[in-house]
1. Since Leu69 meets every condition but one in (1) assigned to a loop (DSSP other than H, G, I, E, B); (2) surrounded by fewer than 24 Cβ atoms within 10 Å (Cβ to Cβ), which condition does it not meet?
2. Any residue that is in contact with a Leu (Cβ under 9 Å, 6 or more places away or on another chain), at pLDDT 95 or above and in a helix (DSSP H, G or I) - is there at least one of those in the range 277-287?
3. Over 20 Å from the mean Cα position of the chain (by Cα) and either assigned to a loop (DSSP other than H, G, I, E, B) or of a type in the set (Gly, Ala, Ser) (or both), is that true of Ala141?
4. Please name all residue pairs, on different chains or six or more residues apart, with Cβ atoms under 8 Å, provided the first residue is in the range 316-339 and is charged (D, E, K, R) and the second residue is at pLDDT below 90 and part of a helix (DSSP H, G or I).
5. Take the conditions crowded, with 24+ Cβ neighbours inside 10 Å, charged (D, E, K, R) and either over 12 Å from the mean Cα position of the chain (by Cα) or modelled with pLDDT of 95 or more (or both) and apply them to Arg128. Does it pass?
6. Return yes or no: is Leu105 outside any helix (DSSP H, G or I), surrounded by 19 or more Cβ atoms within 10 Å (Cβ to Cβ) and at pLDDT 95 or above?
7. Can you tell me which condition Glu206 does not meet? The list is (1) under 16 Å from the mean Cα position of the chain (by Cα); (2) among the acidic types (Asp, Glu); (3) more than 18 Å from Val50 (Cβ to Cβ), and all the others hold.
8. Residues that are in contact (Cβ under 8 Å) with a residue 12 or more places away in the chain, more than 26 Å from Tyr127 (Cα to Cα) and in a helix (DSSP H, G or I): does the range 16-38 have at least one?
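The values are calculated or read from the model by the stated rules, or taken from the named source; none is laboratory data. Every value quoted in this text rests on a predicted model; they were computed, and no experiment measured them. Note: ideal-geometry Cβ built from the backbone for every residue, glycine included; neighbour counts use all protein chains shown.
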Amino acid sequence: MHMADALVSPVVGGAFWVASGALIGCSARKIAAEKDNSKTPLMGVLGAFVFAAQMINFSIPGTGSSGHLGGGLLLAALLGPYRAFITIASVLTIQCLFFADGGILALGCNIFNLGFFPAFITYPFIYRVIPGKKQYGGRLAAASIVAAVAGLLMGAFSVVIQTLLSGISELPFGTFVLFMMPVHFGIGIVEGLVVWAVLLFVSRTEPRLLVPANGARAPRTVVAVFAVAALVCGGLFAWFASSDPDGLEWSMSKVTGTGEFKRAGGKVHDLLAGIQEAVAFLPDYSFKPAHSAASTPDEQAAGPASPVSPGTTVAGIVGSILVLIVAGSVGLILRGRSARPQTSV
């Protein structure tokens, strides 16, 4: 559900840059004001895990589309909403700048859609309400699935509203909603099951991590498991990701006939596209092609290409490390600010 710049106008893109930036600033102040920063060091390793997990697209049966883990709900359940929002913003920024996944103009929209709803809406009002203090068993499963579905549907509807406000007449509101909501319902169910599985593991190994602000520090075993999982998901499992279009691309193709929506760009779109092309050293999570020519007859006769992709492996590992550094550094800075004695004027 990563929006491209072609789907948003400069006004809408700029407005959501401001909105997401304000939420990041508010989250940073909330974290700095907390006395318990025991979970802050986890931001880096969990962000790396979410980055790698998002590279694995899974097919949605009967639709011809695919989806991937959003990650916002999982981060909120383990880190709390404020750390989760900053972490998912770090993930999406790294994806956008260095892997050309989502547009620079649309980055504020993507952070809002994938971060705001799970962290500040579905986590406190659905996920925490359903299980209460009993973060295990059937209640944990129900909370994970319902909250994940709700968060994905809210994010999908937000995409439709953003394209409407941007004046994208090729994606009429009613038709676009008709395709976006059902497919993201299916993606939400799969994400909910994944979130439940991860939280079930945490609840059995270190249940205190599921309790907000309790001073529980993640044991090295849990940190190591997420770090290894990030490297394995990004460096190996991503080879077998579904090649079907994701839910947004699939919905666009159903409405317009193509998932590669092209819009006549203005100066802002062209400028940001040029910046992204220059900065992204592994676009689409692979090495830049040496040429853009179509495959030769000999290559076509060789049959389907092997799923083994060195470019994907490098992208998964490098991206995970970048997120680990960025989100981890932000966490350390915020923990340092929180540790400073508060002086009154």
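1. Looking at each condition in turn, Leu69 falls short on (2).
2. Yes - at least one qualifying residue is present in the range 277-287.
3. Yes: the conditions hold for Ala141.
4. Once the first residue is charged (D, E, K, R) and sits in the range 316-339, its partners that are at pLDDT below 90 and part of a helix (DSSP H, G or I) give Arg337/Ala32.
5. On the way: crowded, with 24+ Cβ neighbours inside 10 Å: no; charged (D, E, K, R): yes; either over 12 Å from the mean Cα position of the chain (by Cα) or modelled with pLDDT of 95 or more (or both): yes.
Criteria not met by Arg128.
6. Numbers: outside any helix (DSSP H, G or I): yes; surrounded by 19 or more Cβ atoms within 10 Å (Cβ to Cβ): yes; at pLDDT 95 or above: yes.
So Leu105 passes the test.
7. Only one criterion is unmet by Glu206, namely (1).
8. Yes: one or more hits.
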